[in-house]
């Protein structure tokens, strides 16, 4: 099997790229979906998050209000003018270990089901969390800052000014693209058309498939 990390900054298009790989035959899990499941009432991670950040992050039904949690976690990138500092590292220390454990278990299960599988984990903070070594290959998705803002605005149904503030705030908690690209095995430029992105995905997929196959034994090695 081949373990692949798929990462990139906020609103870079990781999910779209991931769906393209799935259409070609990859298996994929999203770290964000794992984190969502860990935030359900009764989960140990949920209890720890509430203990650290307070019941003010909860909706009336006891579920986590992700918007309120984000406000507390991301805070201000500069913590200037009396703004509260970012607590994203505190949140990550609570959530990431269990997310990583579940990712690892999922990849192991995929390998048991199919020894030649390409198992992809889509996660924004692979490098930031220090788990890049868990993967055989790393793919980074990039696009321009303006595209991030426009895509985030469309996704959250907010205006561009609000989207820009939120994108910049979240980007401050992530490594810059330049650093991610520097350690990537593959880079997908998602700043063009969907078809251009798809062409890049197809070419990378061909290589991933070859890498996932066990080496052929030669007559001398057998």
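The values are calculated or read from the model by the stated rules, or taken from the named source; none is laboratory data. In this text the structure is predicted, and so the values were computed from the model without any measurement. Backbone-built Cβ (ideal geometry, glycine too); neighbour counts: all protein chains shown.
Tabulated data for the structure shown
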quantity: Unique residue being modelled with pLDDT under 95, on the phi < 0 side of the Ramachandran plot and surrounded by 13 or more Cβ atoms within 10 Å (Cβ to Cβ) when the list is 177, 185, 189; calculated: 177
quantity: Residue satisfying condition, being closer than 24 Å to residue 15 by Cα, crowded, with 18+ Cβ neighbours inside 10 Å and either in contact with a strand residue (DSSP E or B) (Cβ under 8 Å, 6 or more places away or on another chain) or at pLDDT 95 or above (or both), within set 49, 118, 45; calculated: 118
quantity: Matching residues, segment 130-161, being crowded, with 18+ Cβ neighbours inside 10 Å and under 14 Å from the mean Cα position of the chain (by Cα); calculated: 131, 135, 138, 139, 140, 141, 142
quantity: Positions within segment 1-29 being free of Cβ contacts under 8 Å to residues at least 24 places away in the same chain and out of contact with any strand residue (DSSP E or B) (no Cβ under 9 Å at 6 or more places or on another chain), in sequence order; calculated: 23
quantity: Matching residues, segment 162-178, being within 16 Å of the chain's Cα centre (by Cα) and either more than 22 Å from residue 69 (Cα to Cα) or assigned to a loop (DSSP other than H, G, I, E, B) (or both); calculated: 172, 173, 174, 175, 176, 177
quantity: Whichever residue in segment 95-115 is farther than 13 Å from residue 31 by Cα and in contact (Cβ under 8 Å) with a residue 60 or more places away in the chain and, among such residues, is surrounded by the most Cβ atoms within 10 Å (Cβ to Cβ); calculated: 110
quantity: Every residue from segment 6-24 that is surrounded by fewer than 20 Cβ atoms within 10 Å (Cβ to Cβ), out of contact with any helix residue (DSSP H, G or I) (no Cβ under 6 Å at 6 or more places or on another chain) and either at pLDDT below 95 or under 11 Å from residue 120 (Cα atoms) (or both); calculated: 19, 22
quantity: Tally, over segment 82-94, of residues that are surrounded by 15 or more Cβ atoms within 10 Å (Cβ to Cβ) and without any contact (Cβ under 8 Å) to a residue 12 or more places away in the chain; calculated: 0
quantity: Condition check for residue 134: within 27 Å of residue 23 (Cα to Cα) and out of contact with any strand residue (DSSP E or B) (no Cβ under 8 Å at 6 or more places or on another chain); calculated: no
quantity: Filter pass, residue 202 being surrounded by 14 or more Cβ atoms within 10 Å (Cβ to Cβ), in contact with a helix residue (DSSP H, G or I) (Cβ under 8 Å, 6 or more places away or on another chain) and not in a loop (DSSP other than H, G, I, E, B); calculated: no
